[in-house]
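The values are calculated or read from the model by the stated rules, or taken from the named source; none is laboratory data. Not measured: the values here are computed from a predicted model. Here Cβ is always computed from backbone atoms with ideal geometry, including for glycine, and neighbour counts include all displayed protein chains. Side chains included, ligands, DNA and RNA excluded: accessible areas come from the protein's heavy atoms. Shrake-Rupley method; radii C 1.70, N 1.55, O 1.52, S 1.80 Å.
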Amino acid sequence: MKRYRPTYFIGQAFSGLWRNGVMSFASIAVLMSCLVVLGSFTLLVANININLEALGLMNQIVAFVDDDMTEDDISRIEREIKSIPYVGNVTHITESEALDEWIEQVGEYGDLYEQFRDDNPLPDSFVLEYVDGAHYSDIMYNLGRIEGIESIRDERSLANTMQSLKNGIMLIFSWFLIVLFVVSVFVIINTVKLSVYSRKNEIEIMRYVGATGTFISLPFIIEGALIGLTASMLAYIVENFLYDYIQKSMADVVNVIKIIPLSDIRVVLFFGFAAVGIVTGIIGSTISLSKYTRS
Amino acid sequence: MIDFTNVVKTYPNGTVALNGVNLHIDDGEFVFVVGSTGAGKSTLMKLLLREEKATSGTIIVDGTDLSKLSYFKVPQYRRKLGVVFQDFRLFPKKTAYENVAFAMQVVGTPSKKIRRRVPALLNTLSLGDKANCFPNELSGGEQQRVAMARALANNPKILIADEPTGNIDPKMSLEIMNLLVKINKLGKTVLVVTHAKELVDYYQQRVVMIENGHVSDDRVGGMYNK
Ligand SMILES: Nc1ncnc2c1ncn2[C@@H]1O[C@H](COP(=O)(O)OP(=O)(O)O)[C@@H](O)[C@H]1O
Ligand SMILES: [Mg+2]
């Protein structure tokens, strides 16, 4: 039955890109920038998320025990903490474990702290987990009444700060992104329109001899998709360099912050960019064709 | 074959181009459509091609009611018609052969069939030796014949020619008209819009005159030598 050569459509699409070189280039550049911003923003949020998780800051309270408590006192305190309503898991961190963790966090020069092993300045502590934030103040009140607890670190507030920071970033970037995508689609619409216009006469003849809407539009849809694909591949390369650079410079400064390794996100980044790029391209070209595929 | 009943066409800007056209054309007829500029002849052709939709009234072509034709079926419908314009509308970067072949490729004709049919069509229109010429290497009459070959490529039932000799010198015009008559003899319904009085009188065919958006005269024979 119907035998259309796919090479015809792809050939037409490429010649369209070529014919409107400047506009095609502009579309690719704009869409690429848009994708880089989208990628950077997504990666930033993803990194904030894993740090939030890794630190386990969300629903935890750390209670530090007075340094002069005996073993008996410590087990009494543990019992009393466990009896507070709504407290879930309670983990006892001995002063020796606390030192291990400290040494590990400090990293390179951590071994220097080994000398404190026998005369440990760090206190024992209990990490309380609770499920429902509504009981937070009750738990804090009850904790304060237990004898032998020296201080309480409320890690929730830090988590909140990070969370609201994240929300703020997401809000700003969302708006920024919407604007950028609208601009991208707009530029692609005009590029494809120009391409359609330069082939106005051809399209008219095709319609008279009974070409279907699909046959006429496919080259232009492919043209839009090619713009999207090219932009996404370039964005992928740029994002790789960018992330690698940031990761390296961060690694020198702080090693407390966790950074998702590039190798973990490459595939997602690649296909994510390709999908968003191609879909944007197709949306742009479809909109610019609507006039010709109707009536 | 073609039936216009009380057809009115008002363009979006308010121009009333057709104002109650009634016209019946039988299968295999040859019809000249004449009338002064702006009378509505091209509009009539555009309605037939379903390039424009009638504002009111019905148009039935080969059993298809054009007002009920959905957008998706328009391409299929247009394959029943071949069109030729005053300005040829050939692809300048395709040869005569490629111009004709393209019309067949567009509707998905197998290339084997295209290779068989295109040379035959070009021969019918006496263009056998011009197959590899580009439009700018051909005379006006030759270009119009390529356009006719293209119009016939998908074997339409109806051939519509809107002032086909408008850009061609009188001697060549006769040749084009002869071919249109020949095409009609091959069994196709042929509609020719024209201003060429001598030709209309010469051929003694049915002549439909359009004036102010409606059919003012419809007779067989010459129109201008009353
Ligand atoms: N697309 C259009 N929009 C508005 N008015 C049109 C359009 N096409 C034709 N007309 C008007 O309709 C009338 C008939 O035009 P047309 O059918 O082209 O006449 P003809 O072919 O007989 O010269 C004219 O007044 C013309 O100006
Ligand atoms: Mg006209």
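Can you classify chain B as rounded, prolate or oblate using the Cα gyration tensor, where a ≥ b ≥ c are the square roots of its eigenvalues, rounded means a/c under 1.5, and otherwise it's prolate if a/b beats b/c and oblate if not?
oblate
Can you give the % of DSSP beta bridges in chain B that are antiparallel, to the nearest 5?
Among the beta bridges of chain B, antiparallel pairing accounts for roughly 55 percent.
Can you send over the carbon and sulfur percentage of the accessible area for region A:21-120, probe radius 1.4 Å, protein chains only?
With neighbouring chains kept in place, the figure for region A:21-120 is 55 percent.
Short version: which residues of region B:68-103 lose at least 40 Å² of accessible area, all chains versus chain alone, 1.4 Å probe?
B:Tyr71, B:Pro75, B:Arg78, B:Arg79, B:Arg89, B:Phe91, B:Phe102
Which part of region B:8-38 falls in the paramagnetic zone of B:Asp87, meaning amide N under 20 Å from the point 7 Å along Cα-to-beta-carbon?
Only B:37-38 fall inside the zone, counting backbone N under 20 Å.
Counting alpha carbon pairs within less than 8 Å and at least 6 residues apart, what relative contact order, in whole percent, applies to chain A?
Answer for chain A is 31 percent.
Expressed as cubic angstrom per residue, what is the convex hull volume of the alpha carbon set of chain A?
Output value, Cα hull per residue: 188 Å³.
Looking at region A:1-50, which residues lose a minimum of 30 Å² of accessible area between their chain alone and all protein chains in place, measuring with a 1.4 Å probe and not counting ligands or nucleic acids?
A:Lys2, A:Arg3, A:Tyr4
Rounded to the nearest 100 Å², what's the accessible area chains A and B bury against each other, both chains counted, probe 1.4 Å?
By this definition, chains A and B bury close to 1900 Å².
Count charges around B:Ile168 for me, please; just the other residues with Cβ under 13 Å from its Cβ, Lys/Arg as +1, Asp/Glu as -1.
Net charge around B:Ile168: -3.
Keeping every protein chain in place, order A:Lys82, A:Lys291 by accessible area at 1.4 Å, biggest value first, i.e. largest first. Don't jump to the answer; show the numbers that get you there.
On the way: A:Lys82 115, A:Lys291 140 Å².
The most accessible residue leads, giving A:Lys291, A:Lys82.
Ignoring ligands, DNA and RNA, how do A:Met32, B:Met177 rank by accessible area with a 1.4 Å probe, largest first?
Sorted descending by solvent-accessible area, the residues read A:Met32, B:Met177.
What's the local net charge at B:Thr43, with K and R +1, D and E -1, over the other residues with C-beta under 10 Å away?
+1
What does the helix-only formula give at 222 nm for chain A: each DSSP H stretch with n ≥ 4 adding -39500 (n - 2.57), the total divided by the residues, and the result rounded to the nearest 500 deg cm²/dmol?
Using -39500 (n - 2.57) per qualifying helix, the result is -24500 deg cm²/dmol.
Would you mind computing, in nm to one decimal, how far apart the modelled labels at A:Ser290 and A:Asn120 are, each placed 7 Å from Cα along Cα→Cβ?
6.9 nm
Name the longest site-free stretch of chain A, where the excluded sites are GluC sites (Glu not before Pro) in a DSSP loop with no more than 14 other beta-carbon atoms within 10 Å.
Here the longest run is A:148-295.
How big is the protein assembly as shown on each of its three principal axes, counting only the C-alpha atoms and giving the largest first in Å?
Per principal axis, max minus min of the Cα coordinates gives 130, 46, 37 Å.
In region A:203-226, what residues drop by 40 Å² or more in accessible surface going from the chain by itself to the full protein assembly, probe 1.4 Å?
A:Ile205, A:Arg207, A:Tyr208, A:Val209, A:Gly210
Of the DSSP beta bridges with both residues in the protein assembly as shown, give the percent that are antiparallel, rounding to the nearest 5.
Counting only bridges with both partners in the protein assembly as shown, antiparallel ones make up about 65 percent.
Given a 1.4 Å probe and every protein chain left where it sits, what share in percent of the accessible area of chain B is carbon and sulfur?
Whole-percent figure for carbon plus sulfur exposure: 50.
Could you tell me the relative contact order of region A:67-147? Use alpha-carbon pairs under 8 Å, at least six residues apart, and round to a whole percent.
Relative contact order comes out at 44 percent.
Would you work out the Kirkwood radius for region A:67-147? I mean one over the mean of 1/r across all pairs of different Cα atoms, in Å.
14.3 Å
Assuming R0 = 25 Å, can you tell me the calculated FRET efficiency for the pair B:Lys73 and B:Thr10, based on Cβ-Cβ distance, to the nearest 0.05?
Between B:Lys73 and B:Thr10 the formula returns 0.55.
Quick one: 3J(HN,Hα) in Hz for region B:4-20, Karplus 6.51/-1.76/1.60 with θ = phi - 60°, rounded, Gly and Pro as x.
9, 10, 6, 7, 10, 10, 10, 6, x, 7, x, 5, 8, 7, 10, 9, x
Taking the solvent-accessible surface of protein heavy atoms with a 1.4 Å probe, what is the per residue accessible area of the protein assembly as shown in Å²?
Working: 26740 Å² over 521 residues.
That works out to 51 Å² for each residue.
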